[in-house]
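Each remark here refers to the structure printed beneath this line.
The values are calculated or read from the model by the stated rules, or taken from the named source; none is laboratory data. As the structure is a computational prediction, the values presented were derived from the model and not from experiment. Neighbour counts are summed over all protein chains in view; Cβ atoms, including those assigned to glycine, are modelled from backbone coordinates with ideal geometry.
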Ligand code: ASP
């Protein structure tokens, strides 16, 4: 599993990759950010750090849901692995937030993509690709084809467009459009800024998302299907 997190207040960041047998890799990424002078720990070093921080080890099989198991079986049967990569979101979870002090942040966590080479790391733990947060611009979290996202630095690219005066929606459309036109890469992106504006866009088949603002909950999965309800 891979994860990364960033605080837009001071650009402090934490990331882990190739971690196994812990329940919440994003919490480990946060510990890297808060408890070490480093940004990114991987593999054995990340595991040792987790043990030092008292993060409990969980048997790997307990972390695999029935849904993931079925999805893996289906993936294994897919002949066109590249198509499978591009069209299916395989368990990345991302969040962006604006708090009451006016600070933005992002967090992205993934189990990666199945049927990949051993040792493969995607975009999710890479600051600038899997996400980015800067109070002066906004916060972004991404999902999709990791190799494409890495090549265009999707999160930072979207914020570049915001810096150039584009709205969050325009920035999301432009950065995803660039990735598609250059690399045929598909993905999804969520953004928030200090004014409390937010945007959600994807070029992949579907993306489950939700946004909470001003007492309203917005949710959707497929294009043009958003439902809005009152938050409890
Ligand atoms: N971006 C992730 C990766 O390439 C996968 C995903 O978003 O579903 O590892």
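If residue 128 satisfies all but one of (1) on the phi > 0 side of the Ramachandran plot; (2) free of Cβ contacts under 8 Å to residues at least 12 places away in the same chain; (3) touching a helix residue (DSSP H, G or I) at 6+ places or on another chain (Cβ under 9 Å), what's the number of the condition it fails? Of everything listed in (1) on the phi > 0 side of the Ramachandran plot; (2) free of Cβ contacts under 8 Å to residues at least 12 places away in the same chain; (3) touching a helix residue (DSSP H, G or I) at 6+ places or on another chain (Cβ under 9 Å), residue 128 misses just condition (2). Taking the residues in segment 84-112 that are surrounded by fewer than 22 Cβ atoms within 10 Å (Cβ to Cβ) and near the ligand (Cβ under 10 Å from one of its atoms) as candidates, determine which candidate is modelled with the lowest pLDDT. Looking at the filtered set, the residue picked out is 89. Taken together, 28, 41 contain a single residue that is more than 16 Å from the ligand (Cβ to nearest atom), buried (at least 24 other Cβ atoms within 10 Å of the Cβ), within 17 Å of residue 92 (Cβ to Cβ) and within 19 Å of the chain's Cα centre (by Cα), which is 28. Do we have residue 215 as under 17 Å from residue 97 (Cα atoms) and touching a residue at least 24 places away in the same chain (Cβ under 8 Å) here? It is false that residue 215 is under 17 Å from residue 97 (Cα atoms) and touching a residue at least 24 places away in the same chain (Cβ under 8 Å).
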